[in-house]
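A.B. asks: Have a look at the structure that comes next, please.
Readers should treat all values here as calculations from the given coordinates under stated rules, not as data from a laboratory. No experiment lies behind these values; they were computed from the predicted model shown. FYI the Cβ positions are ideal-geometry reconstructions off the backbone, even for glycines, and counts take in every protein chain you see.
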Amino acid sequence: MKTVKMEVTSEEKASRIELLLRLVYWIPLIIVAYVLHLIAAIVWFVNILSILVLGKRFAIEWVTKALQYYAKFGAYMMLATDERPPIIPE
């Protein structure tokens, strides 16, 4: 298993305008996070069946990408970082 590392940086001074922009920016991020969650849930279920039947994992990259996106989005949404996550995951 690969180690998970996350570095969060932010400035102490916060802008009110930036906060208002974040509120608008959260809308597409929440929609994309929801879609990623649905895809990850489907892949998770297919993985359960695949492991039971074939003994192999299937398309685990989708779950990994979803987890990475949640971490970036969560840090931004909780005001822990000023770095905006991309709307569409990499």
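A.B. asks: State all residues of the range 67-84 that are closer than 18 Å to V35 by Cβ and of a type outside the set (D, E, K, R); if no residue qualifies, say none.
C.D. replies: Answer for the range 67-84, where residues must be closer than 18 Å to V35 by Cβ and of a type outside the set (D, E, K, R): L67, Q68, Y69, Y70, A71, F73, G74, Y76, M77.
A.B. asks: Same structure again: Name the pairs whose Cβ atoms lie under 9 Å apart, with the first residue in the range 61-90 and in contact (Cβ under 8 Å) with a residue 24 or more places away in the chain and farther than 19 Å from L20 by Cβ, the second surrounded by 15 or more Cβ atoms within 10 Å (Cβ to Cβ) and among the charged types (D, E, K, R), and 6 or more positions between them or separate chains?
C.D. replies: Pairs that qualify, where the first residue is in contact (Cβ under 8 Å) with a residue 24 or more places away in the chain and farther than 19 Å from L20 by Cβ and the partner is surrounded by 15 or more Cβ atoms within 10 Å (Cβ to Cβ) and among the charged types (D, E, K, R), are P89/K65; P89/K72; E90/K65.
A.B. asks: Do you know which residues across the range 34-75 are under 10 Å from the mean Cα position of the chain (by Cα) and either closer than 21 Å to E7 by Cβ or outside any helix (DSSP H, G or I) (or both)?
C.D. replies: T64, K65, A66, L67, Q68, Y69, Y70, A71, K72, F73, G74, A75
A.B. asks: Give the residue that is nearest to the chain's Cα centre (by Cα), with candidates limited to residues of the range 1-31 that are among the hydroxyl-bearing types (S, T, Y) and farther than 12 Å from A80 by Cα.
C.D. replies: Once the filter is applied, the top-ranked residue is Y25.
A.B. asks: Ok, one more. Can you run down the residue pairs with Cβ atoms below 9 Å, 6 or more apart or on separate chains, where the first is in the range 29-50 and under 14 Å from L67 (Cα atoms) and the partner is of a type in the set (D, E)?
C.D. replies: Taking only residues 6 or more apart or on different chains, the pairs are V43/E61.
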